[in-house]
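Taking it in order: structure first as structure tokens, then the write-up.
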Amino acid sequence: MGVFMEEVIKKLNDLNLDALLLGNDSNIRYVSGYTGSDSYILLLEDIQFFITDYRYSEQAEKECPGYEVVVVDRNTQTHEKVIADIIKSYQILKIAFETNLAVYKFIINIQKELSDEQMIPTEGIVENFRSTKKPEEIENISKAATIADKSFQEILSFIKPGVTEIELAWQLENLLRQNGAQGSAFPIISITGQKTSMPHGIPSNDKIKTGDFITMDFGALYNGYRSDMTRTVILGKPNEKQLKVYNIVKESQAAAVNAVKADIPGRDIDKVANDIIKKHQYLEFASKGTGHGLGLDIHEIPFLNGKCKEKLKENNVITIEPGIYVPFWGGVRIEDTVVVKKTGCEILTNSPRELIEL
């Protein structure tokens, strides 16, 4: 994984920057292969420093070959002081840092130790590379998607009247792990009945009842990479409105998936999805975005909404997830993870999209 470091360093040179300070766990993993947390990386062209404490020093030595591992003694030192000392020792003058790096105070504390050196806020240097996936990254996400699909098929027999939302989420996470995942890609959303009108509703002790929609939004974590899918099923037979809303979302999702290809602005995909929903006069209840990138994080660039002018790139991995959410009635979402190709996309999550009646 650390081989991706080279393209980041080249980008620093292009931007006339001397170094890049990283604190985001996913960005650190991308450039080093490190799978832990609570650490920092200072990238220079000729030497790369991995700054951590005793808890992670052995792990860093094993996972980050080629990095100079610097161990901070937390009894006598701070990470900020150690980083500042490296900057001064190597006479680094232009140091880029992530705008989302820990807290602002951390950067202020480094700057206090410096004089002429510049701390320059930057955004998206590593994330822009991460948005276009390498073959091994796509392979990991594809495996995560396969695990999620298998787990979905197996959870259906667990859904019965009286099962609680929390029990459903717990059982689904168990299945993900049994099928080879490191765990859930994010906290599982398993909600029922009127609560399905909440796009990110939290599972509770509410019990599933006959006639309820059940929305499950989940994914698998595999080798640090994540899949994401949503299926809405029903316990029993749908009524006329439930079937109508479900079929609108299914039509919208299929149209958006079919519109995906490289060089299409993200907002165009969002429009395709929303045009279908608007045609059926449900636009006021539509989701405010049709999808997002994913990989090491569950939400990455690009974000497919009405503001997204950025064009999709080949080997972006994104979700397509339109939904309709009617307050105090219920909602439907159908979501797949797809890989953007030159003339279309490859769907990685392949569970049925027809309404499943349990």
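As a summary of the residue check, Phe50 satisfies the conditions (1) under 13 Å from Pro65 (Cα atoms); (2) part of a helix (DSSP H, G or I) except for the one numbered (2).
Condition check for Tyr246 on (1) among the hydroxyl-bearing types (Ser, Thr, Tyr); (2) more than 23 Å from the chain's Cα centre (by Cα); (3) within 23 Å of Phe186 (Cα to Cα): one failure, at (3).
Just one of the listed residues (Ser151, Ser142) is over 17 Å from Val317 (Cβ atoms) and hydroxyl-bearing (Ser, Thr, Tyr), and it is Ser151.
Criterion first (closer than 30 Å to Phe218 by Cβ, of a type in the set (Ser, Thr, Tyr), within 18 Å of the chain's Cα centre (by Cα) and open to solvent by 60 Å² or more (accessible area, probe 1.4 Å)) does Thr132 satisfy it? Answer is no for this residue.
One line per residue, one yes/no per condition, for (1) part of a loop (DSSP other than H, G, I, E, B); (2) in contact (Cβ under 8 Å) with a residue 40 or more places away in the chain; (3) in contact with a Lys or Arg (Cβ under 8 Å, 6 or more places away or on another chain); (4) open to solvent by less than 10 Å² (accessible area, probe 1.4 Å):
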{"site": "Val272", "(1), (2), (3), (4)": "no, no, no, no"}
{"site": "Asp275", "(1), (2), (3), (4)": "no, no, no, no"}
{"site": "His292", "(1), (2), (3), (4)": "no, no, no, no"}
{"site": "Pro302", "(1), (2), (3), (4)": "no, yes, no, yes"}
{"site": "Lys313", "(1), (2), (3), (4)": "yes, yes, no, no"}
{"site": "Thr319", "(1), (2), (3), (4)": "no, yes, no, yes"}
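I'd like the full set of residues that are in contact (Cβ under 8 Å) with a residue 24 or more places away in the chain, open to solvent by 10 Å² or more (accessible area, probe 1.4 Å) and under 21 Å from Leu296 (Cβ atoms), limited to segment 28-48. Those that are in contact (Cβ under 8 Å) with a residue 24 or more places away in the chain, open to solvent by 10 Å² or more (accessible area, probe 1.4 Å) and under 21 Å from Leu296 (Cβ atoms): Arg29, Gly33, Thr35, Gly36, Tyr40, Gln48. So which residues in segment 322-343 are open to solvent by 10 Å² or more (accessible area, probe 1.4 Å), assigned to a loop (DSSP other than H, G, I, E, B) and at negative phi? Pro327, Trp329, Lys341, Lys342, Thr343 - these are the residues of segment 322-343 that are open to solvent by 10 Å² or more (accessible area, probe 1.4 Å), assigned to a loop (DSSP other than H, G, I, E, B) and at negative phi. Each residue in segment 253-309 was checked for being touching a Phe, Trp or Tyr at 6+ places or on another chain (Cβ under 9 Å), over 20 Å from Gly124 (Cα atoms) and modelled with pLDDT of 95 or more, and 3 of them qualify.
Only residues that are within 20 Å of Leu243 (Cβ to Cβ), among the basic types (Lys, Arg) and out of contact with any Gly (no Cβ under 8 Å at 6 or more places or on another chain): list them for segment 314-358, please. Scanning segment 314-358 gives a single hit, Arg353. Only one entry of Ile120, Ile125, Ile159, Ile141 meets the criterion of being open to solvent by less than 50 Å² (accessible area, probe 1.4 Å), in contact (Cβ under 8 Å) with a residue 40 or more places away in the chain and touching a Gly at 6+ places or on another chain (Cβ under 7 Å), and that entry is Ile141.
The values are calculated or read from the model by the stated rules, or taken from the named source; none is laboratory data. Computed from a prediction, not measured in an experiment: that's the story for all the values here. Neighbour counts run over all protein chains shown; Cβ positions are idealised from the backbone, glycine included. Calculation scope for accessible area: heavy atoms of the full protein, side chains included, ligands and nucleic acids excluded. Shrake-Rupley method; radii C 1.70, N 1.55, O 1.52, S 1.80 Å.
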